[in-house]
Amino acid sequence: MSEARTLNVADLPAFEISNKSPLWLGQTLLCVIEGTMFSILLAMYFYYRLGFSVWPPPGVQLPHTLIPTLAWIPLALSVLGSYWASEGAKRDDRKWMLIGLLVNLAFALVFLGMRAYEWVTLNFSWSSDLHGSIFWAILYLHTIDISGDLLMTAVLIVILARGRYGEQQRLGVHVDSVVWYFLVAIWVPLYAVIYWGPHVLGAP
Amino acid sequence: MTPAQSPPLTAPELEEREALRRAWQHPSGIVGWFSFATHQAIGMRYIVTAFVFLLIGGIEAIMMRLQLAVHDNTLLGPHLYNEIFTTHGTTMMFLFAVPVMEGMGVYLVPMMIGTRNVAFPRLNAFGYWMYLFGGLLLYAGMFVGTLPDAGWFAYPPLSGPQYSATKGVDLWAQMITFTEISAMCVAVELIVTILRLRAPNMTLNRIPIFCWSMLVQSFMVIFAMPAVMIASTVMLLNDRTIATHFVNPAEGGDPLMYQHVFWFFGHPEVYIIFLPALGMLSSILETHTRRRIFGYPAIVLSLVGTGFVAFGLWVHHMFATGLPQIGEDYFTAASMMIAITTGTQIFCWIATIWTGRLQLTAAMHFIFGFLFIFVIGGLTGVMLASVPLDLQVHDTFFVVAHFHYVLIGGALFPLFGAFHYWFPKFTGRLIGERLGKISFWILFVGFNLTFFPMHLLGLKGMPRRIYTYSAEMGWEPANMLATIGACTIALGGIVFMVNVIRSRKRGRVAGPDPWDASTLEWATASPPENFNFVRLPVVSSRTPMWTPAQDRVTVVGLRNDRREGLVTTLVDAQPHRRFVFAGPSIWPFLAAIGVTIGLAGSIVQFSWYYVAAALGTIAFIGWFWPRRPFEVQP
C-alpha cells in the first residue's frame, strides 16, 4: 500500500461563519418550510374569497390599515439591528453583536406592541366568520414565528452579555438574522393581502 | 451481536481507529441511551419502530379481511370496523411507510456519500422521538376507548365537530403534526448532508442514485408536509376545538378546500414513499448485475421530474367532486405524465438487467416482484387518471386494489429487497437466502391473491369502507379469496421474521462487503463503527468500490479526538473546511417530551399550545446553551 495516495485536509479551517455553513443551509430550509406554509394560507385566502360576493361579509369591520402600516417603521429598523449583529458575528465583534441584537429586539417589541393594540380593536375573531378564521390564522402564525425568533434573540443576548460563548453562538447570531430577514420579508405579501386585500378586492 | 468485521487496516489506521472509537463512543447508562446521536443508531431506531407499526397495521388488515370474508358478518361491527380501517391506513401511511424510508435514508445516506454522520445529529434524534411519541399518542387513544374513525384522510364534514363528536379525530389530527415534524427534521438534515458533506470529488453526477432519490424526496417533504399540517391542524382541529369555520359550510367554509390542501400533500406523499424505493432498487440492481446502472442521467432526471410533476396531480383524487372540466383535463394529462418518468426508469432497469450478469438472490426476487406488481398498479393508475373511468369506480375496491398494488408493490417489495440486501451491513451477518426466497414467494402469491380480486369487486360495484354486504350482491367468493390471500401474506411475514431472527443470531458472517458492491457504505465495517470510516474516502467515479484498491485515495489530517468531518462544495465536492458534528445530548429527548405534553393537551384545549411552546423553549435553551470548550479549537 503506497503512502502517497492521501488527501491532507489538516490545513483547512475547522470553523467558518458564513452562508456556506451547513447550519445556514438548514436554517434556510426551515424558512422555506415556513414560506410554503404561508403561501398555502394565502392561496386559501383567495380561494375563500371566491365564495363570497362581499368580502369580508357585511357587518364585519374592514381590517385597519393605519397601525399595521405605521408598524413597518419599527420593523424596518429592527432589520438594521439584525444586519449589524450578523456582521458583528462574522468579525467576532461582541459590541456590535450586542448592539445589533438589542436594536433588533427593541424595535421588534415595539412592532409587536402595535400589533397587540390593533388586535384588541378588531371587531371580529377567528370564530365569528370565515374571513375572521383565515385572517387570524395568518396573523397568529406569523406572530408565533416572530415571538419564537425574539425568544431566540433574547437568549443570544443573555449568552453574549455573559461573555462565555464561542463560534457556535456567533454562528447562531448569524442565522438568527437570516430568520429575521425571512420573517420580515414574508410579512410583505401577508400584510398586503390580509390588510389591503379586503379594501382592494372586497367589493363585488 | 457479532464483532464488527472491518476492512483490512494498516498499523497507523488501527491507531486512528482507537482514537475515533473513543471520540464516537455512545454515552453509557439509561440517560445515555436516550442521548444517542449517531445516524446508525437513530436510523435503526426508525427502522425497528416502523416495522413494529407495520406489524400492528398488518394485524388490523387481517381483522378487516376476517370481517369481510363472509356476508353479513358480525365479527367486528360497524363502529369498530371504521376505527380499524382508519388506524390501518393512518398507521401504514404515517407511522410505517414514510418513517421507514426516512430511517433507511438516515442509516445509509451518510455512509453512501462518505461522511461520518448527518449534518444535524441532535435534530435527527429529536425527529425520531417526535415520531415515536406521535405513534404512541395515536394508540394511546385505544386505552381511553377512542380511536379515529373517519378514514385516513378524515374528510369533513364527516370528521367535523358535528359528525365525529369523540376525541378520535383530534388524536388523528395532532398525530399528523408529530410525524410531519419528524419528517421535516429528516428532510432538512438529509438535504444539508447530501449537499454539503459529500466525500471529496463526489460531484453531483457521482452521487449514488439512492441518495439522489432521498434528496428529491426530502425536497418534496419540505414542500408537501406544510400542507397537511394546515389541513389537519389549522383547518380541521381548530374547527373542532376553537370553532373556526374553515370547513364549516354554514359560515362559507368549504370542505372541498380541505380536500385540496390535503391532497396537495397527499399525492406527493405517494412519491415521498415511492422515490426512496426506486433509489434502493437502482442500488441493488447495480450490484446484482455487476455493471454500472444503465442511463444514470436519465434515471436522476426522472426522479427529479417525478418530484416536480407530483405537485400537479392532486386533483385526480377529487374527480368525483364536480370540478370544472378544464381542471380535470389538466390533471388527467399531468397524471399520465408520471408514466413517462416512471417508464423511463423501468426501461433503464431492463437495459441494466439485459446487459449485466444477473445474480438471482432473495433481494433480486423482491425486485422482480416489484416490477411485476408495480407495472400492474401503474396501469390501473393510468386507467384511474381518466375521468370517466374514475367516476365509475371512485370509492370502490378497484381503488383499494390500485393503491395497494402501487404502495405494496412500489414501496414494500423494494423495501424488503433492500432489507435483504443491506441486512449484512446492519448486522454483520448474511440473511438466509433460502428462507428469503421462500418468504418472497409466499408474499408474492399472497399479495396477488388478496388484491387482484379487489379489482373485480370494485368493477362489480363494491364500495370501499363498508363493514359488510348481503349475500345476493355476489361478492362473497372474491372476498373469501382476498381473505385467504391476506392470511397467506401473514404467513409470508412470519417466515420473513423467522428468517431475520435466525440470521441475526446464526447467519453466515458477512465481512465488510459480501456482495462486492459498488457504493461506499460497503467500505465500512459490518455493522459500521459509529464513525463509519477510519479515513474518509475520496472518490473518482460513480462506483467507488469498484475502483482498484491501489487507485483509491483517502483523507488524512482530520482530528480523530473529536467528532470531525469534512464540508465540501455543493457542485464539485471540493474540500472546503473541516466540520465538528454535534455530540450526544439528552436535550432532544427532553424537548420532544415537552412538546409532546403540550401538543397532546392541545386536543383538549387550545391553550395547551402555550405549554408546548414553554416546555419546548426551556428544552431548546438547554439544547443550545454554550458548553466548554466555547471556542472550536483548530
Item to check | Residue pairs meeting the criteria (Cβ under 7 Å; at least 6 apart or on separate chains; first aromatic (Phe, Trp, Tyr), in the stretch B:272-295; second in a helix (DSSP H, G or I) and crowded, with 24+ Cβ neighbours inside 10 Å) | outcome: B:PHE274/B:GLY410; B:PHE274/B:ALA411
Item to check | Given (1) under 25 Å from B:SER602 (Cβ atoms); (2) more than 9 Å from chain A (Cβ to nearest Cβ); (3) touching a His at 6+ places or on another chain (Cβ under 7 Å); (4) free of Cβ contacts under 8 Å to residues at least 60 places away in the same chain, number of the condition B:HIS267 does not satisfy | outcome: (1)
Next on the checklist: Please determine whether any residue of the stretch B:201-223 is touching a residue at least 24 places away in the same chain (Cβ under 8 Å), away from chain A (no Cβ under 14 Å), surrounded by fewer than 21 Cβ atoms within 10 Å (Cβ to Cβ) and not in a helix (DSSP H, G or I).
Outcome noted: yes
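Can you list the helices (runs of 4 or more DSSP H) lying wholly within the stretch A:109-204 that have 2 or more residues being at pLDDT 95 or above?
Numbers: elements: A:130-162, A:167-191, A:197-201.
The qualifying helices (runs of 4 or more DSSP H) are A:130-162, A:167-191.
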Next on the checklist: Could you check the stretch B:578-614 and list, in sequence order, the residues that are crowded, with 20+ Cβ neighbours inside 10 Å, assigned to a helix (DSSP H, G or I) and either within 13 Å of another protein chain (Cβ to nearest Cβ) or polar (S, T, N, Q) (or both)?
Outcome noted: B:VAL595, B:THR596, B:SER602
Checklist entry - Which one of the conditions (1) away from chain A (no Cβ under 14 Å); (2) assigned to a helix (DSSP H, G or I) does B:VAL186 fail to meet, given that it meets all the rest? => result (1)
Checklist outcome for this item: By residue number, the members of the stretch B:551-574 that are touching a strand residue (DSSP E or B) at 6+ places or on another chain (Cβ under 9 Å) and more than 11 Å from every other protein chain (Cβ to nearest Cβ) are B:ARG563
Checklist outcome for this item: A:GLU87 meets each of (1) in contact (Cβ under 8 Å) with a residue 60 or more places away in the chain; (2) among the acidic types (Asp, Glu); (3) more than 14 Å from chain B (Cβ to nearest Cβ) with one exception, condition (1)
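Is the stretch B:532-550 home to any residue that is within 12 Å of chain A (Cβ to nearest Cβ) and among the charged types (D, E, K, R)?
yes
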Checklist entry - Would you pick out the residues in the stretch B:515-550 that are touching a helix residue (DSSP H, G or I) at 6+ places or on another chain (Cβ under 8 Å) and assigned to a helix (DSSP H, G or I)? => result B:LEU520, B:GLU521, B:TRP522, B:ALA523, B:PRO544, B:MET545
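Please go through the stretch B:230-247 and pick out each residue that is hydroxyl-bearing (Ser, Thr, Tyr) and more than 7 Å from every other protein chain (Cβ to nearest Cβ).
Result: B:SER232, B:THR233, B:THR241.
Is it the case that B:ALA250 is touching a residue at least 24 places away in the same chain (Cβ under 8 Å) and either more than 8 Å from chain A (Cβ to nearest Cβ) or among the basic types (Lys, Arg) (or both)?
no
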Checklist entry - Being hydroxyl-bearing (Ser, Thr, Tyr), more than 23 Å from B:GLU521 (Cβ to Cβ) and touching a residue at least 24 places away in the same chain (Cβ under 8 Å), is that true of even one residue in the stretch B:406-429? => result no
Item to check | Subset of the stretch A:15-58 (residues that are farther than 30 Å from B:VAL580 by Cβ, at the interface with chain B (Cβ under 8 Å from one of its Cβ atoms) and in a loop (DSSP other than H, G, I, E, B)) | outcome: A:GLY51, A:PHE52, A:PRO57
Item to check | Answer from A:ILE33, A:ILE67, A:ILE73 - the residue that is surrounded by 16 or more Cβ atoms within 10 Å (Cβ to Cβ), of a type in the set (Val, Ile, Thr) and within 25 Å of the chain's Cα centre (by Cα) | outcome: A:ILE33
Next on the checklist: Please go through (1) buried (at least 24 other Cβ atoms within 10 Å of the Cβ); (2) facing chain A (nearest Cβ under 7 Å) for B:ARG198 and return the number of the only condition it doesn't satisfy.
Outcome noted: (2)
Checklist entry - Which pairs do you get when a residue that is of a type in the set (S, T, N, Q), found in the stretch B:24-36, comes within reach of a residue that is assigned to a loop (DSSP other than H, G, I, E, B), reach meaning Cβ atoms under 7 angstrom, with the pair 6+ apart or on two chains? => result B:SER35/B:PRO27; B:SER35/B:PRO584; B:SER35/B:SER585; B:SER35/B:ILE586
Next on the checklist: Any residue that is among the small types (Gly, Ala, Ser), crowded, with 20+ Cβ neighbours inside 10 Å and in contact with a His (Cβ under 9 Å, 6 or more places away or on another chain) - is there at least one of those in the stretch A:160-183?
Outcome noted: no
Checklist entry - For A:LEU66, are the conditions met, namely being free of Cβ contacts under 8 Å to residues at least 40 places away in the same chain and of a type in the set (A, V, I, L, M)? => result yes
Next on the checklist: Quick check on the stretch B:240-266: of everything there that is buried (at least 24 other Cβ atoms within 10 Å of the Cβ), of a type outside the set (A, V, I, L, M, F, W, C) and out of contact with any Ser or Thr (no Cβ under 6 Å at 6 or more places or on another chain), which residue is modelled with the highest pLDDT?
Outcome noted: B:TYR258
Item to check | Cross-chain or 6+ apart pairs with Cβ under 9 Å, the stretch B:555-569 first and over 17 Å from A:LYS20 (Cα atoms), then surrounded by fewer than 22 Cβ atoms within 10 Å (Cβ to Cβ) and of a type in the set (Asp, Glu) | outcome: B:VAL556/B:GLU16; B:GLY557/A:ASP11; B:LEU558/B:GLU564; B:ASN560/B:GLU15; B:ASN560/B:GLU16; B:ASN560/B:GLU18
Checklist outcome for this item: Within the stretch B:111-125, the count of residues that are away from chain A (no Cβ under 13 Å) and under 19 Å from B:VAL48 (Cβ atoms) comes to 2
Item to check | Test for B:THR488: is it free of Cβ contacts under 8 Å to residues at least 60 places away in the same chain, touching a helix residue (DSSP H, G or I) at 6+ places or on another chain (Cβ under 6 Å) and of a type in the set (S, T, N, Q) | outcome: yes
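Can you tell me which residue among A:ALA106, A:ALA76, A:ALA71 is touching a Lys or Arg at 6+ places or on another chain (Cβ under 7 Å) and either of a type in the set (Phe, Trp, Tyr) or more than 29 Å from B:CYS185 (Cα to Cα) (or both)?
One residue alone meets the criteria, A:ALA71.
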Next on the checklist: Tell me yes or no: at least one residue of the stretch B:239-246 is touching an Asp or Glu at 6+ places or on another chain (Cβ under 6 Å), more than 30 Å from A:THR6 (Cα to Cα), assigned to a loop (DSSP other than H, G, I, E, B) and not acidic (Asp, Glu).
Outcome noted: yes
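The values are calculated or read from the model by the stated rules, or taken from the named source; none is laboratory data. Worth saying up front: this structure is predicted, and the values here are computed from it rather than measured. Ideal geometry is used to build each Cβ from the backbone, glycine not excepted, and the neighbour counts take in all protein chains shown.
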